[in-house]
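Colleague: Take this structure first; my questions come after.
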Amino acid sequence: MPKLTPDTRRDALILVAATGWLLALPGYASEFVTSLALSCLMYAALASSWSLFCGATRYLSLATSAFFGIGAYVCALGLDTLPWPVLIAAGAAAAALVAAIMGSAVLHLRGTYFAVLTFGMTELIRHAVTYGEKQVAGTVGRVLASVPEPGTVYVTVLLIALTALLTAIAVRSSRFGLALAGIGADEQRAQTLGVDTRLVKIAGFALTAAFAGATGAAMAVRWTYIDPHTVFNPFIGFQTVLIALIGGASTLWGPVIAAVVFSLLAEVLRLQLPQLYMMVLGVLLILCVLYLPGGLASLRWRAR
């Protein structure tokens with residue numbers, strides 16, 4: 001059982017208060033603000049769940065877009081027949097299953113090799129889905145006709161982000177979280193101390209993928225038409241990693257803060273500098289890596 005420390009209680013209270021405010025947001029905010037909040041919540045869920053495993057173990061996974069796309073396609077395939085909560089759960093389960101299989105094959109590697117292989121497997125999954133669509137349906141892509149109300153999608157993504165953060169709080173205070181941190185500090189030593197590192201890594205990788213799959217299933221209905229190029233877009237995975245690293249992958253609130261800052265900044269730059277905003281974001285990332293290697297969360301310790 002996770003140990004409830006004062007910090008854990010404080011984080012839980014902050015999370016409950018923020019959730020109440022976000023639930024009320026669509027009632028008085030414009031559609032643009034609500035849409036922007038939805039984007040922030042999406043990347044908060046993705047970055048927080050990515051940090052849950054990768055921030056602790058220091059494994060750099062580039063497979064987030066694969067799990068996001070799997071969840072999106074599960075939603076598209078069952079949208080006309082399955083209830084909405086079942087679709088979200090099915091997207092999470094399918095992504096977790098693929099992650100467990102993928103993790104069994106590549107989690108014995110570290111560093112650049114692991115990052116490159118996860119990216120390669122993401123591309124493999126994208127091309128496999130494209131090939132399967134051509135062979136089965138005769139075309140590539142799915143039309144999403146009967147989609148839920150925007151308010152339903154917003155609340156769903158909010159609940160996914162909330163669950164991801166609550167899970168991160170619980171994992172940090174559990175033996176499982178200590179095992180993940182031990183793997184990140186010294187994997188061989190953790191193994192000699194009795195930690196089943198292979199099983200722990202696969203479980204953590206699958207847990208991360210489950211949240212990405214659930215997020216993909218919920219966000220798929222924002223498009224009236226999806227195809228592999230859209231939902232398996234590598235930019236989703238890269239942006240998730242960048243947000244987590246900019247915020248501080250080893251912290252709880254760093255990825256959340258970075259998701260909000262990054263989403264707002266990207267929207268402003270996209271409107272003001274449509275041709276240059278990616279270059280500006282790249283420069284800001286370089287400056288952050290050079291002068292804030294611990295992420296935005298390190299500003300708190302510098303202030304102290």
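Colleague: Any residue at all in region 47-67 that is over 21 Å from I202 (Cβ atoms) and assigned to a helix (DSSP H, G or I)?
Modeller: yes
Colleague: Now for a different question. Going through region 276-298 one residue at a time, which ones are at pLDDT below 70 and surrounded by fewer than 14 Cβ atoms within 10 Å (Cβ to Cβ)?
Modeller: Within region 276-298, V289, P293 meet the criteria.
Colleague: Also, quick follow-up: Which is surrounded by 21 or more Cβ atoms within 10 Å (Cβ to Cβ) and not β-branched (V, I, T), of A209, A100?
Modeller: A209
Colleague: Any chance you could count how many residues in region 126-179 are touching an Asp or Glu at 6+ places or on another chain (Cβ under 7 Å), touching a residue at least 60 places away in the same chain (Cβ under 8 Å) and not hydrophobic (A, V, I, L, M, F, W, C)?
Modeller: 2
Colleague: Let me ask something else. Is there any pair with a first residue in region 44-72 that is more than 10 Å from A212 (Cα to Cα) and a second that is of a type in the set (S, T, N, Q) and not in a helix (DSSP H, G or I) whose Cβ atoms are under 8 Å apart and which are 6 or more apart or on different chains, and what are they?
Modeller: Pairs that qualify, where the first residue is more than 10 Å from A212 (Cα to Cα) and the partner is of a type in the set (S, T, N, Q) and not in a helix (DSSP H, G or I), are S51/S250; S51/T251; F53/S61; C54/S61; G55/S250; G55/T251; A56/S250.
Colleague: If we keep just the residues of region 257-275 that are buried (at least 23 other Cβ atoms within 10 Å of the Cβ) and touching a Phe, Trp or Tyr at 6+ places or on another chain (Cβ under 8 Å), which is modelled with the highest pLDDT?
Modeller: Going residue by residue through region 257-275, those that are buried (at least 23 other Cβ atoms within 10 Å of the Cβ) are 258-259, 262.
Then drop every residue that is not touching a Phe, Trp or Tyr at 6+ places or on another chain (Cβ under 8 Å), which leaves 259, 262.
Numbers: A259: 90, F262: 84.
The selected residue is A259.
Colleague: Moving on. Which one of these is modelled with pLDDT of 90 or more and either over 17 Å from S65 (Cα atoms) or of a type in the set (G, A, S) (or both): G248, G216, G254, G237?
Modeller: Values: G248 fails: modelled with pLDDT of 90 or more; G254 fails: modelled with pLDDT of 90 or more; G237 fails: modelled with pLDDT of 90 or more.
Only one candidate qualifies: G216.
Colleague: Here is a follow-up. Conditions first: (1) open to solvent by less than 10 Å² (accessible area, probe 1.4 Å); (2) of a type outside the set (A, V, I, L, M, F, W, C); (3) more than 19 Å from A145 (Cβ to Cβ). G55 passes all but one, so which condition is the exception?
Modeller: Among (1) open to solvent by less than 10 Å² (accessible area, probe 1.4 Å); (2) of a type outside the set (A, V, I, L, M, F, W, C); (3) more than 19 Å from A145 (Cβ to Cβ), G55 violates only (1).
Colleague: Please tell me if S35 is at pLDDT 85 or above and under 30 Å from R175 (Cα atoms).
Modeller: no
Colleague: Report, by residue number, each residue of region 71-85 that is open to solvent by 70 Å² or more (accessible area, probe 1.4 Å) and either outside any loop (DSSP other than H, G, I, E, B) or modelled with pLDDT of 95 or more (or both).
Modeller: L77, P85
Colleague: As an exercise: evaluate R175 against (1) over 18 Å from T251 (Cβ atoms); (2) surrounded by 16 or more Cβ atoms within 10 Å (Cβ to Cβ); (3) at pLDDT 90 or above; (4) of a type outside the set (F, W, Y) and give the number of the one condition it does not meet.
Modeller: Unmet condition: (2).
Colleague: Looking at (1) under 17 Å from A220 (Cβ atoms); (2) open to solvent by 60 Å² or more (accessible area, probe 1.4 Å), can you tell me which one A185 breaks?
Modeller: It is condition (1) that A185 fails.
Colleague: Can you tell which of A115, A128 is closer than 30 Å to T251 by Cα and part of a helix (DSSP H, G or I)?
Modeller: It is A115.
The values are calculated or read from the model by the stated rules, or taken from the named source; none is laboratory data. These figures come from a predicted structure and were not determined experimentally. Neighbour counts run over all protein chains shown; Cβ positions are idealised from the backbone, glycine included. Surface accessibility is based on the protein's heavy atoms, side chains included, excluding ligands, DNA and RNA. Shrake-Rupley method; radii C 1.70, N 1.55, O 1.52, S 1.80 Å.
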